[in-house]
1. Using only the alpha carbons of segment 437-510, what is the convex hull's orientation-averaged projected area in square nanometres?
2. When the helix-only estimate is applied to the chain (DSSP H runs of n ≥ 4, each -39,500 (n - 2.57), divided by the residue count), what is the mean residue ellipticity at 222 nm, nearest 500 deg cm²/dmol?
3. With the cut-off at 18 Å, report for segment 265-365 the share of all Cα pairs above it, as a whole percent.
4. Quick check: the distance between the Cα centres of segment 266-304 and segment 481-522, to the nearest angstrom?
5. In a Debye calculation with equal point scatterers on the alpha-carbon sites of segment 309-418 and no solvent, what is log10 I(q)/I(0) at q = 0.16 Å⁻¹?
6. So what is the relative contact order of segment 217-299, in percent, for Cα pairs below 8 Å that sit 6 or more residues apart?
7. Considering only the chain, what is the antiparallel percent among its DSSP beta bridges, to the nearest 5?
8. Excluding Lys486 itself, calculate the net charge of residues whose Cβ lies under 12 Å from the Cβ of Lys486, where each Lys or Arg counts +1 and each Asp or Glu counts -1.
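The values are calculated or read from the model by the stated rules, or taken from the named source; none is laboratory data. These numbers come from a predicted model, not from an experiment. So basically every Cβ, Gly included, is an ideal-geometry build from the backbone, and we count neighbours across all protein chains shown. For accessibility, only protein heavy atoms count, side chains too; no ligands or nucleic acids. Shrake-Rupley method; radii C 1.70, N 1.55, O 1.52, S 1.80 Å.
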Amino acid sequence: MGKICVSVCAKTADELIEKIKRAEVFADVIEIRFDCLDESEFDSALPKINELKCEKPFIATFRPKSNLAVYSCPPSANATEEYKKLKREAVNYRDVGWHKIARLSNVEFVDFESDIFLEMSTDFMFPESPSICFSEETDELLISKTLIYSEHNYEKTPDNIDSIYENMLPEDDNRLQAQIIKIAVQANDITDTIPIWKLLERAKSENQEIIPIAMGEAGKWTRILGLAHGAFLTFASLDSDNATAPGQISAQDLHSVYRVKELDKNTDVYGILGSNTSVSLSPYIHNFAFKYHNLNAVFVPLQVHDLDAFITRMVKAETREIDLNFKGFSVTIPHKQSIIKHLDFIDETAGKIGAVNTVKIIDGKLHGFNTDAHGFIEPLKSIYNDLKDAKVLILGAGGASKACVYALEKEGATVTVFGRTEIENGKWKMENVGEFDIIVNATPLGMKGKAEGETPIVAEQMKYAKLVYDLVYTPFETQFLREADKVFVPKIGGMAMLVAQAIEQQKIWTGLSAPMPEISRIVLSKLR
């Protein structure tokens with residue numbers, strides 16, 4: 001079974017030791033990022049690391065601090081003397097560092113970038129370029145450890161990823177042989193992850209140990225599912241504030257939320273489809289429910305910008321390029337309406353609303369449902385009681401808004417929807433706002449991220465309402481709700497709808513009901 005590697009990064013020696021000790025709780029392996037240390041702290045860190053009584057093996061990593069330190073080719077002929085000087089200094093610091101790291105007895109793995117690996121494995125050097133020059137003793141010490149050969153691309157997923165892999169494979173005439181290949185690339189949309197996943201499948205068929213990583217939010221699912229499909233290890237952060245690469249998940253979440261060590265190739269995979277899944281709490285809800293019912297299932301973030309490409313290349317049985325055993329999706333902004341054209345079946349409620357937030361895959365066919373209507377109306381009825389003839393204003397005209405309208409009209413309420421046409425110079429045109437009993441924010445304004453701190457209307461515009469309802473659930477207290485507090489208007493936050501609609505989704509997917517009190521506590525703890 002693959003391993004969880006917690007990557008630790010610190011500027012000072014004492015901070016590094018403290019983080020290593022914390023990482024030991026969840027890690028199978030601990031990566032020490034020596035490049036994070038301040039240069040003045042490097043020498044004092046080494047003996048402290050060597051004296052540590054840690055049962056978990058260490059990976060020593062010394063990344064280039066900038067592009068200046070990528071030395072696999074010489075500086076161009078017109079490079080400035082200042083550039084060459086900076087490059088030489090960077091090489092010298094990293095060179096000396098590796099000489100010292102090689103002597104750490106408790107380092108089991110060393111992770112080399114291609115520049116070091118190639119220069120250690122061949123005698124060829126660019127005479128005009130700075131190079132890593134190890135002594136014979138250092139060479140032998142490093143070679144005696146398990147070698148990881150790394151390539152990174154922090155901008156995109158390159159088109160020639162197979163060629164990169166092939167060039168990294170062991171060669172008989174090289175004295176330095178890497179047991180493990182690591183390729184980490186940036187995924188800017190979900191389909192960028194396809195090549196890295198195919199590479200994992202290829203490497204396993206060739207009995208080559210590999211660490212394939214699609215970085216970024218769109219690549220998170222590769223970190224979660226990788227171990228179940230044969231990746232040597234998956235990298236995790238010490239906690240949510242200490243990620244050392246884009247898209248890293250905390251070690252605790254990998255263990256207790258995603259249960260990555262329990263997953264296998266037969267695990268049913270569900271996920272949330274949206275353009276920004278980083279703020280979603282759905283993984284905490286649904287993974288708890290799966291664990292509660294002891295199901296071999298996992299719920300993962302699936303950041304999707306191009307929905308058509310995702311459905312074609314990763315979902316539909318007749319066209320998909322990889323098979324992840326998808327069983328269903330939660331659908332959020334902006335795909336609740338555009339998903340409909342890809343469905344094989346749609347239930348009556350979703351059809352009438354014109355929006356789908358839940359997909360269940362049955363025998364390869366996509367079935368669409370809407371649990372937003374139920375999730376929205378249940379908390380509202382518990383507070384407002386009889387909605388018959390209530391005058392309700394809904395701000396926003398997207399998929400969530402349509403579900404609210406449907407649910408309210410079934411209860412006999414009179415509904416008015418203000419969409420983008422009711423915005424003038426960035427303000428909502430609402431001279432008659434006082435005539436509404438309930439005001440609902442069905443826009444993303446106030447959501448954590450770029451829109452955080454924004455509100456569709458302010459206190460003065462809602463002071464005559466009997467109740468306001470914000471569908472945004474993160475952050476817990478939005479600006480819209482704070483405006484309501486200013487004029488003492490009762491309020492409902494988005495958490496109530498989130499929990500209610502998610503429980504309905506669980507019933508659709510599994511036929512089982514998730515426990516509301518436990519899920520509410522989980523969500524509340526995350527929001528606060």
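1. Values: hull surface 20.9 nm².
So the Cα hull casts an average projection of 5.2 nm².
2. Result for the chain, helices only: -9500 deg cm²/dmol.
3. Considering segment 265-365, 47 percent of its Cα-Cα pairs are separated by more than 18 Å.
4. 17 Å
5. Debye curve over Cα of segment 309-418, log10 I(q)/I(0) at q = 0.16 Å⁻¹: -0.73.
6. 27 percent
7. 15 percent
8. Working: positive: Lys463, Arg482, Lys491; negative: Glu460, Glu483, Asp485.
It works out to a net charge of 0.
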